[in-house]
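A.B. asks: Please read through the structure below; I'll follow up with questions.
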Amino acid sequence: MPAERYLRILNLLAGTDGSNAPRLCAVAAEVTATSGAGVMLLADGRPQASLCTTNDVSALIEDIQYTLGEGPCVDAHRSGRVVSEPDLGASELPWVEFSRRAAGAGVQAVFGYPIRLGTVRLGALNLYRDRPGALSDDQHANALVVADLAARAILDSQANAPPGAIGIHVEEGFDLWAVVHQAAGMISVQLDVPIADALVRLRAHAFATDRLVAEVARDVIDRRFRLGTEK
Amino acid sequence: MPNPVLLVQSLVELADNLVDDFDVVDLLSLLSERCVGALDVTAAGVMLAVPSGALEVIASSSEAMRTLEVFQVQSDEGPCLDAYRTGKQVVNLDLAATGTRWPRFSALAAAKGFHAAHSFPLRLRRRVIGALNLLRSDPGSLQEADIAAAQALADIATIAIIQHQISIDAQTLNTQLSAALNTRIVIEQAKGKIAQATDSDMEQAFRRLRSHARNHNLRLADLASRIADGAIGPSSLDRPTPE
């Protein structure tokens, strides 16, 4: 019964009324028997902010997608469909670079669930496993419920935000990537290029050096690294 | 008895309207017209509750129906109001015998040639959003099959309207969220430009941005946007005033 499933998962979130974002990700991992979970917001097919992650690996899964613009969340968001890659070691994966870097962190299976309400697309839930294996029907159904609850939590958070502001839970997740935009502003002045070009240069450098865009951005801001001076 | 062919056609037609971009008034006008065709009734109309809880006439299959619906709202009596308030069907009410329940409505409806009134709540679980009104000019009861069909048509319309409202609310919130995120991104970008151009850190850059916006009576987001897109040079801002 779907209603019973909702109740069971809502009980796990009990006392948090869905507004406790970290708990949402923890429950997502728990009810799907996965190694970790994360919820990210996307707009126009690109990651914008992270609502929650359960551990360093799920944070990395989001960062890689933010850096590369590819991966299970990006695909789930764009297509509106569930993305399931139960064995990253298998050949013919749609995202070569994402898979290489995720596998390097011990990720063996990833799943992306679109977070949407009707036709309104908000983001995606990502789940990962440190061993290969598909989700069972029961786990899959649970993931759908968590994605639905996440959509409501994001909209509730925004409904309670002051005009023009970001809902408090999204605000926290935005801070993760604020450095990237600050660095893009600096690079734009350094190289005398528009900000969009600066952002492309920053991402390209992170990609080429196998680093996360937020790490490179931090180095730019702290004046430890300047684009155009690299060897 | 309902006309089975017309009833199925009406159900398909209503379902076909449940696309992303439908109009509630169009849907309810369609519902009223199809009730008259498919069911054994003379006139149909729909009322919806507005946020204050008051009912408003949304659709009517005829002018006589519209007059009677408006009258119900104004005089605060009638089958539609009862169905809305109780959430229960009001069926086979002989207007000749309801003079004490709805004295003014019954008299007016009888004067317009109607013999029986029926009303169905637009209800999804505990939530009642309005009512569907059906009137018959022939004496005699509405059959079970007509009653079931009328409620089915009302239920489809209800689900469509509630889904539509949820979708509009979600769309509005998502648009606000995206706009707010974009504003934040632009402010961070402007901070980065100012920090680089004035050899300062992000905190100092933000103070400069905010101070300039205040001095020149500009919105922070607008100023940041003009700096980010290059319309205002990042080194041309006022020095921050001490706090």
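A.B. asks: Being under 11 Å from A:Leu127 (Cα atoms), in contact (Cβ under 8 Å) with a residue 12 or more places away in the chain, part of a loop (DSSP other than H, G, I, E, B) and open to solvent by 20 Å² or more (accessible area, probe 1.4 Å) is the requirement here; does A:Ala26 meet it?
C.D. replies: It is false that A:Ala26 is under 11 Å from A:Leu127 (Cα atoms), in contact (Cβ under 8 Å) with a residue 12 or more places away in the chain, part of a loop (DSSP other than H, G, I, E, B) and open to solvent by 20 Å² or more (accessible area, probe 1.4 Å).
A.B. asks: Here is a further query. Residue under question is B:Glu203, and the condition is that it be within 30 Å of A:Arg218 (Cα to Cα), in a helix (DSSP H, G or I), open to solvent by less than 20 Å² (accessible area, probe 1.4 Å) and of a type outside the set (A, V, I, L, M); does it hold?
C.D. replies: No: the conditions fail for B:Glu203.
A.B. asks: Looking only at the stretch B:131-146, decide whether some residue is open to solvent by 30 Å² or more (accessible area, probe 1.4 Å), within 23 Å of B:Val8 (Cβ to Cβ) and part of a helix (DSSP H, G or I).
C.D. replies: Yes.
A.B. asks: Quick one: B:Pro4 ticks every box in (1) surrounded by fewer than 17 Cβ atoms within 10 Å (Cβ to Cβ); (2) touching a residue at least 24 places away in the same chain (Cβ under 8 Å) except a single one, so which number is it?
C.D. replies: (2)
A.B. asks: Tell me, yes or no, whether the stretch A:64-72 has at least one residue that is assigned to a helix (DSSP H, G or I), away from chain B (no Cβ under 14 Å) and open to solvent by 40 Å² or more (accessible area, probe 1.4 Å).
C.D. replies: no
A.B. asks: Taking the conditions exactly as written (open to solvent by less than 40 Å² (accessible area, probe 1.4 Å), part of a strand (DSSP E or B) and over 30 Å from B:Ile166 (Cβ atoms)), does A:Tyr113 satisfy them or not?
C.D. replies: Here the answer is no, as A:Tyr113 does not meet what is asked.
A.B. asks: Might you check whether a residue that is surrounded by fewer than 23 Cβ atoms within 10 Å (Cβ to Cβ), of a type in the set (Val, Ile, Thr) and facing chain B (nearest Cβ under 8 Å) occurs anywhere in the stretch A:144-167?
C.D. replies: No - not one qualifying residue is present in the stretch A:144-167.
A.B. asks: Do we have B:Ser60 as among the polar types (S, T, N, Q), touching a strand residue (DSSP E or B) at 6+ places or on another chain (Cβ under 8 Å) and buried (at least 17 other Cβ atoms within 10 Å of the Cβ) here?
C.D. replies: So B:Ser60 fits the description; yes.
A.B. asks: If I filter the stretch B:21-31 down to residues being more than 14 Å from B:Leu6 (Cβ to Cβ) and without any contact (Cβ under 8 Å) to a residue 40 or more places away in the chain, which single residue comes out as surrounded by the fewest Cβ atoms within 10 Å (Cβ to Cβ)?
C.D. replies: Applying the filter and picking the extreme gives B:Asp21.
A.B. asks: For the stretch B:175-198, check the following and say yes or no: at least one residue is over 30 Å from A:Gln190 (Cβ atoms), in a helix (DSSP H, G or I), within 11 Å of another protein chain (Cβ to nearest Cβ) and open to solvent by less than 40 Å² (accessible area, probe 1.4 Å).
C.D. replies: Yes, because at least one residue in the stretch B:175-198 is over 30 Å from A:Gln190 (Cβ atoms), in a helix (DSSP H, G or I), within 11 Å of another protein chain (Cβ to nearest Cβ) and open to solvent by less than 40 Å² (accessible area, probe 1.4 Å).
A.B. asks: Being open to solvent by 10 Å² or more (accessible area, probe 1.4 Å) and at pLDDT below 95: is that true of A:Asp219 here?
C.D. replies: Judged against the criteria, A:Asp219 is not a match.
A.B. asks: Just one of (1) within 28 Å of the chain's Cα centre (by Cα); (2) more than 9 Å from every other protein chain (Cβ to nearest Cβ) trips up B:Gln171, so point out which.
C.D. replies: (2)
A.B. asks: Within the stretch B:206-233, can you find the residues that are open to solvent by less than 40 Å² (accessible area, probe 1.4 Å) and without any contact (Cβ under 8 Å) to a residue 40 or more places away in the chain?
C.D. replies: The answer is B:Arg208, B:Leu209, B:Ser211, B:His212, B:Ala213, B:Ala221, B:Leu223, B:Ile227, B:Ile232, B:Gly233.
A.B. asks: Still on this structure, please answer the following. Would a scan of the stretch B:148-164 turn up a residue that is in the same structural domain as B:Ala38 (by TED's automatic domain parsing), outside any helix (DSSP H, G or I) and surrounded by fewer than 18 Cβ atoms within 10 Å (Cβ to Cβ)?
C.D. replies: Within the stretch B:148-164 (the criterion being in the same structural domain as B:Ala38 (by TED's automatic domain parsing), outside any helix (DSSP H, G or I) and surrounded by fewer than 18 Cβ atoms within 10 Å (Cβ to Cβ)), the answer is no, since none of the residues qualifies.
A.B. asks: Tally the residues that are facing another protein chain (nearest Cβ under 9 Å) and surrounded by fewer than 18 Cβ atoms within 10 Å (Cβ to Cβ), restricting the search to the stretch A:168-189.
C.D. replies: Qualifying residue count for the region: 1.
A.B. asks: Scan the stretch B:40-58 and tell me whether some residue there is of a type in the set (D, E, K, R), assigned by TED's automatic domain parsing to the domain that holds B:Thr100 and either in a helix (DSSP H, G or I) or within 21 Å of the chain's Cα centre (by Cα) (or both).
C.D. replies: Yes, there is a match, as at least one residue in the stretch B:40-58 is of a type in the set (D, E, K, R), assigned by TED's automatic domain parsing to the domain that holds B:Thr100 and either in a helix (DSSP H, G or I) or within 21 Å of the chain's Cα centre (by Cα) (or both).
A.B. asks: Take B:Phe71 and decide whether it is open to solvent by 40 Å² or more (accessible area, probe 1.4 Å) and out of contact with any Pro (no Cβ under 8 Å at 6 or more places or on another chain).
C.D. replies: yes
A.B. asks: Would you be able to tell me the number of residues in the stretch A:40-58 that are more than 14 Å from chain B (Cβ to nearest Cβ) and crowded, with 19+ Cβ neighbours inside 10 Å?
C.D. replies: 4
The values are calculated or read from the model by the stated rules, or taken from the named source; none is laboratory data. Bear in mind the structure is a predicted one, so any value in this text is a computation, not a measurement. Glycine gets a Cβ as well: all are built from the backbone with ideal geometry, and neighbour counts include every protein chain shown. Areas reflect the complete protein model, heavy atoms only, side chains present, ligands, DNA and RNA absent. Shrake-Rupley method; radii C 1.70, N 1.55, O 1.52, S 1.80 Å.
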